Amino acid sequence: MTYFPEEVVEHIFDFLGSHRDRNAVSTVCKAWYHVERLSRLNVFVGNCYAIRPERVMARFPGMKSLSVKGKPHFADYNLVPYDWGGFALPWIKAAVRRSPGLEDLRLKRMVVTDDDLDLLARSFPNFRSLVLVSCEGFSTDGLAAIATYCRGLRELDLQENEVEDHGRQWLSCFHESCTSLVSLNFACLKGEVNAGVLERLVARCPNLRSLKLNRAVSVESLNEIVARAPYLVDLGTGSFAVLDCIGDKGLAVVASTCKELQELRVFPSDIYGAGATSVTEEGLVAISSGCPKLNSLLYFCYQMTNAALITVAKNCPHFTRFRLCILDPWKPDPVTNQPLDEGFGAIVRSCKNLRRLSLSGLLTDQVFLYIGLYAKCLEMLSIAFAGDSDKGMVYILKGCKNLRKLEIRDCPFGDIALLNDVAKYETMRSLWMSSCDVTLGGCKALAAKMPRLNVEIINESEGTDKLEENISDLHKVEKMYVYRTVAGPRNDAPDFVWTL
Amino acid sequence: MSPPLEHDYIGLSELHSPAAAVGGGGAEDGALNLKDTELRLGLPGSDSSDRKDKVALTLGLLPKIFVSGAKRGFSDTIDGAGKWGLAAGGGGSEVEAGKSCALFSPRGERGGGGHGNAGNDAVGKAVGHERKDTGQVGDSAGNDRGVAPAAKAQVVGWPPIRSYRKNTMATNPSKNKEDANGKQGLGCLYVKVSMDGAPYLRKVDLKTYSNYKEFSLALEKMFSGFTIGQCGSHGIPGRDGLSESRLMDFLSGSEYVLTYEDRDGDWMLVGDVPWEMFTDSCRRLRIMKGSDAIGLAPRAMEKCRNRN
């Protein structure tokens, strides 16, 4: 292949869809590295602290679209303090300097301020698409800046962000000459938007295909909008989620009618106690037998049995994402009183393409043995209140060759497991452990052995500065976040984060 | 004859309250000491004023963490909440987060992988059917990281649901209405605090404070970083002791005023109404520049008058 002119190699690389493939070819030889880096348009950074923004942009001068992720996943559940980090500004600033041709920006779990959005809006003349997922730190003022200055904006997609409502009519800031919108999603906003402004915006954007409104939009308005946007493909009025009050019977109805169903999410309506109508293993079994195409599941319930999971595994071997949350920690199979090891074992054995798994219920080390044995494609594993000993975690680290993200809370895994195979963590994006048995000494040992990992301890007790001197190595660490990086320890860590 | 010993409802008796036992001196001579009939939790002989600190030692089910819950108005929770004692303290504040997480960790007593009875008992204890089980005391008194308290809703980050989703769930209709801007669970009330000019907002749990003084201290800590330059890095120098509204003083020394948005959507000056009334009606807070705050105080008094 090195005999081909670079243009040919580049053309071949154009057929490579995924970042991983492009990453792979760039390691073959210097020539390929060179060709690949100059031709890469879409850059994905899974952990904003794994590499400095300037370095990314120096490597990929042709970058047109950038996607960056910040906080660890458990930040969604308030396990990560507010000011932990994940700031968008360094990335935006670097792009302003080195990639002024930037067209698309996607940020997930990052802190984005109104000033950041203002800078973004004014700096990239070709800017087309802004997607913010689970971000915070900005208000409707920032959105106003985007609307005002991003002429030619095609996509503004706000998913599950915490947006402060400053009452500004940001939607009115879209200029009359802005006709380019293809996708607009403001479902997560709490404030109202002017109905007339929205209708006029929709009317003048002939390419609008996807529109997701928030709950403040009235039904009358909806009528007007739909009338003006006949080419809409995707219309939403806030998130539609199945609440478990539809009960097992409701799920049976879904199972009998929605044969093409691929993804299902069932949330609990009452997290403080099992309601009269909630879902159990029966609902899940019904779904699995009625919807064979199901490949992605998020299911909250009050109980689950091994038998049900075994049945589900048999009915739906195509799961790629399986997240089961039994609301009571450590709850066993109510029929047999056994742990759910066998049930989850069946899932991983049967679903050969499983990439993401979340466990719950009473679980011993055995389930981890199964996961290590069978879940060869597993990339992300979430564990809570499970396991008996270090062996559990070791099974996972040994067996799951493709593991990228491991997040653990409230499990009896300690230093022995943590230090069993330290090189493993460089093959992964990150490891989160909270309320486990790892000690400060164990974390220090890990940090000492692996200089290309950042071992961060989050210490939230008061009097933090003094504590560092007095704390013994035997002290159990409350929250630990380990990730591979070529950027060294970060310089924006708040006081309560110690990088060892 | 000494009056019969009063037992509080978990079966602990008051051994000797100084005034009760023998009808000791003072105004309580011969009269029934009402303290004895008060519903409260505490070590025998403990004074009601100390009950906040002592409770956790008595009940094995209450984890150690709640000993430090003095700020949380534990006594208020007992009086106010239907769920005795176990409702104390939301699991949400950042300081407590780590600790309350720890309490849910299963430890040695579960040994054997939880098969059969051992597992079942552990689960029974851990999950804790708090609606039925008022009698069990001290099952795991010896294990400070062991049995989870029955109020499972207080484990930080569990169940793993985004908070905005929790807010939209109908646990009960009236609760939902109050939730509009605050995240409210058992015993916690989070509201946003913004400060003009600060790059990001904070959230505080109003239920963790029992008066304006504590609250102002906490806010001061949180936001002092942003006012370096107005008052100097250590706030107002030379101030010793705690004044009633230290934050007011701190703020009045600078250009900022602490205000809150109430249920009606009006912006009010903090400090005019009694603390409980404030926490009931406060939906969010804003530390605003003094120049914007002119005219707030009179409205606050008017509202107070209208309510009473």
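Taking the Cα centre of chain A as the origin, how large is its charge dipole in debye, to the nearest 20, when only Lys and Arg (+1) and Asp and Glu (-1) carry charge on their Cβ atoms?
So the magnitude is around 1880 debye.
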Under the Karplus relation 6.51 cos²θ - 1.76 cosθ + 1.60, θ = phi - 60°, what is the ordered set of whole-Hz ³J(HN,Hα) values for the range A:180-185, x standing for Gly and Pro? 9, 4, 10, 9, 9, 9
Amide H contacts under 5 Å for A:VAL182, placed H, 5+ residues apart: A:GLU155
Shielding by partners, peptide A:351-364 (average Cβ within 10 angstrom, other chains): 2
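Treating only the Cβ atoms of Lys and Arg (+1) and Asp and Glu (-1) as charged, compute the dipole magnitude of the range A:428-500 about its Cα centre; round to the nearest 20 debye. Walk me through the numbers before you get to the answer.
Values: 9 positive and 11 negative charges, 114 e Å.
The dipole of the range A:428-500 has a size of about 540 debye.
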Along the charge dipole of the range A:251-380, Cβ charges K/R +1 and D/E -1, which of A:ALA346, A:SER269, A:THR280 sits furthest on the positive end? A:ALA346
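Work through the residues other than A:ASN214 whose Cβ is under 9 Å from its Cβ and net out their charges, Lys, Arg +1 and Asp, Glu -1.
Charge balance near A:ASN214 sits at +2.
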One would report the antiparallel percent of DSSP beta bridges in chain A, rounded to the nearest 5, as 20
Calculate, in nm to one decimal, what A:VAL253 and A:ARG452 gain on full extension: separation in residues at 0.36 nm each, minus their alpha carbon distance. 66.4 nm
Which cross-chain or sequence-distant (5 or more) residues have an amide H under 5 Å from the amide H of A:THR237, H modelled 1.01 Å from N in plane? A:LEU213
So what's the back-of-envelope 222 nm ellipticity for chain A, counting only DSSP H runs of four-plus at -39500 (n - 2.57) apiece and dividing by all residues, rounded to 500? -9500 deg cm²/dmol
Go ahead and run the numbers for FRET between B:ASP196 and A:VAL96, Cβ-Cβ distance against an R0 of 25 Å, rounding to 0.05. 0.40
Once you charge only the Cβ atoms, +1 for Lys and Arg and -1 for Asp and Glu, what is the size of the charge dipole of the range A:3-110 about its Cα centre, to the nearest 20 debye? 420
Pseudo-spin-label distance A:SER177 to A:ARG151, built 7 Å along Cα→Cβ, given in nm, is 0.4
Shape box of the range A:1-40 [Cα atoms, principal axes, largest first, Å]: 24, 17, 16
HN-Hα couplings for the range B:199-210 via Karplus (6.51, -1.76, 1.60; θ = phi - 60°), in whole Hz with x for Gly/Pro, come out as x, 8, 9, 10, 10, 10, 9, 4, 6, 7, 10, 10
On a 23 Å Cα-Cα criterion, which of the cross-link pairs A:LYS259/A:LYS331; A:LYS479/B:LYS203; B:LYS221/B:LYS289; A:LYS331/B:LYS207; A:LYS93/A:LYS405; A:LYS391/A:LYS449 come out too long? A:LYS259/A:LYS331; A:LYS331/B:LYS207; A:LYS93/A:LYS405
Net charge contributed by nearby residues that have their C-beta within less than 11 Å of A:PHE13 (K/R +1, D/E -1): -3
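FYI, it's all coordinate maths here, none of it is from the lab. Model, not experiment: these values are computed from the prediction. Heads up, the Cβs are rebuilt from the backbone with ideal geometry, glycines too, and the neighbour counts pull from every protein chain shown.
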